[in-house]
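Student: Below: one structure in structure tokens.
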Amino acid sequence: MRALSPPPRRRDRLVADSPLSTTIMSKRPGGGLSALIGKSSKEAKRSASDRPSGPSGGAANNNAPRNPFMSRPTQPEDAIKIFLIQARSMARRRAAANDGASRKGANIEIEARLGTLISPYGAHDMRALSSGAKLVGNRVAHAFICNVADGQQQQQQQQASTRFEGGITRSNYLRWTQAGLSEMSPLSASFSCKKPGGPHESEGSVLKSQMVETETVTTVFAYPNATRVNFAHHHNSNNGGGPQLGRGKSERKEKCSTMDMALPAAPYDLRLTCATELSLDQQDVPNVAGLPPGWNKKRIKRRRSYARADKSFAWRMDVTEVTTTDNPGGGGGKGAAHPEVGYEIEMELSASMTQKLLSAPDDASARQLASTLAQQLWFMIQQLNPTHDVLEVEEFVREHADAESTKLAIGQCGTIRHFMDSKCQSWRTAIAPEGGRAGGNDDCKPPRNFIGCMPVNFSRHNIEEVQRSDGGTFLSEKTDGVRYLL
């Protein structure tokens, strides 16, 4: 029997996460009778691979593999601050090491993107950490550092690696950003916009006085060598107002440093990137017809950019609908050019603030500025991609230290059930008057194991077990009834 310990104190802002309790999961044992008995004796409810071990993990999961990406919990704001300071040092070192003439026109960009960290850890590719806040020791952890890399080294791998898939679902894209500047939404909340002060003020007019919106459409041809050519769309009044591609601007983007942060308590994970963007003016293309061969991807970016009109926020938010087409003959890896539509949300540090961070006179000033920028960025992310503090009850389940007392408690529960089944006519206690087990009461015996399939309630933490398993699990409806061993 397991005793429940009280959950830790939580914040006032909690969002409930309803478990999938109407479905059952059953392990179908294979092999002979010994295999059946062995399978039925396992605790299926506690076999997810990233359940914490130790006092809160229970004994049933001691042999389960630990998720390697839970080894580096962090505070999100602190991680962002450290990344900004490291990006500053990296950019300054690169500027000092490279020839000034060769780096002329290179811009430093610092940005954050929402997406999903995918890991091959287990039988199937899936999110690096299953959804839900994690209990590490006696503290709730919302973020974990998965990968840290710079332009000179590969990802620092622990036991497995992750890949970042940028983008969000269409439903979240529309729900978070479709309102634009017409009404209050998570988009306006991320810039801490004030609401209308009276009934005669419209939300749209109030938002337009606080924020600036810019719309652009760009066609980008990407090449395998990190070079790309951007064609901005213009409206031609002589051609009925239809779009017309301008002159192609060539540029090369190189990553200086990257940090991948898993946010299992939020819908999406986070990637922080510091990169250099070098304009290649000598390689500009006058039109699409003069485009050099060899491109592997074509992207049409329909972007809306938002910023505070008073520049009180140093970050700009870009919400983009991207239509991607692979070039079959350009090394894209796909045989047919079928367009794919994705939706992206990025936060980019303004050019002036980036330059201010890089040119900070001393480390103390840089740390203070990085702390303010980290607070702003995490506030924006929380409005769009909020984390939840809700933990499952099983996170607080402990194994009882006294095995004999556990058996007595189970036996007493059995006598109470027998008493109720007899319509309160027959009562035999499982506990002797002087303590210990009462003699002649079979209800105090430990429960027997059923050697067939063992249905269990399917909750959120079971999802990872199913995804990482290599088979042997099936789902069915939860039908009430009596099971018989024939």
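Student: Mind checking the full-extension length gain between residue 399 and residue 95? Use 0.36 nm per residue of separation minus the Cα-Cα distance, one decimal, nm.
Tutor: 103.7 nm
Student: Over all Cα pairs of region 191-273, how is the pair count split among 5 Å bins, expressed in % and running from 0 up to the last occupied bin?
Tutor: 3, 10, 10, 9, 11, 15, 16, 14, 8, 4, 1, 0
Student: Also: Over the Cα atoms of region 247-361, what radius of gyration and what Dmax do you get, in Å?
Tutor: Spelled out, the Cα radius of gyration and Dmax of region 247-361 are 17.6, 53 Å.
Student: What is the spin-label model distance, in nm, from residue 311 to residue 226 if the labels are put 7 Å beyond Cα along the C-beta direction?
Tutor: Once both label points are built, they end up 3.1 nm from each other.
Student: Let me ask something else. For an R0 of 41 angstrom, estimate the FRET efficiency from the Cβ-Cβ distance between residue 200 and residue 131 and round to the nearest 0.05.
Tutor: Rounded to the nearest 0.05, the efficiency is 0.40.
Student: With each pseudo-label sitting 7 Å past Cα toward Cβ, what's the residue 279-residue 428 distance in nm, one decimal?
Tutor: Result for the modelled spin labels: 9.2 nm.
Student: Hey, which of these cross-link pairs are over 30 Å Cα-Cα: 194/356; 134/301; 195/253; 81/255; 194/255?
Tutor: Distance filter (> 30 Å) returns 134/301; 195/253; 194/255.
Student: Given labels modelled 7 Å from the Cα in the Cβ direction, how far is it in nm from residue 364 to residue 71?
Tutor: For residue 364 paired with residue 71, the spin-label model returns 3.7 nm.
Each value in this text was obtained by applying a stated rule to the coordinates, not by laboratory testing. Keep in mind that this is a model prediction, so the values were computed, not measured. Cβ coordinates were reconstructed from backbone atoms using ideal geometry, including for glycine residues, and neighbour counts include every protein chain displayed.
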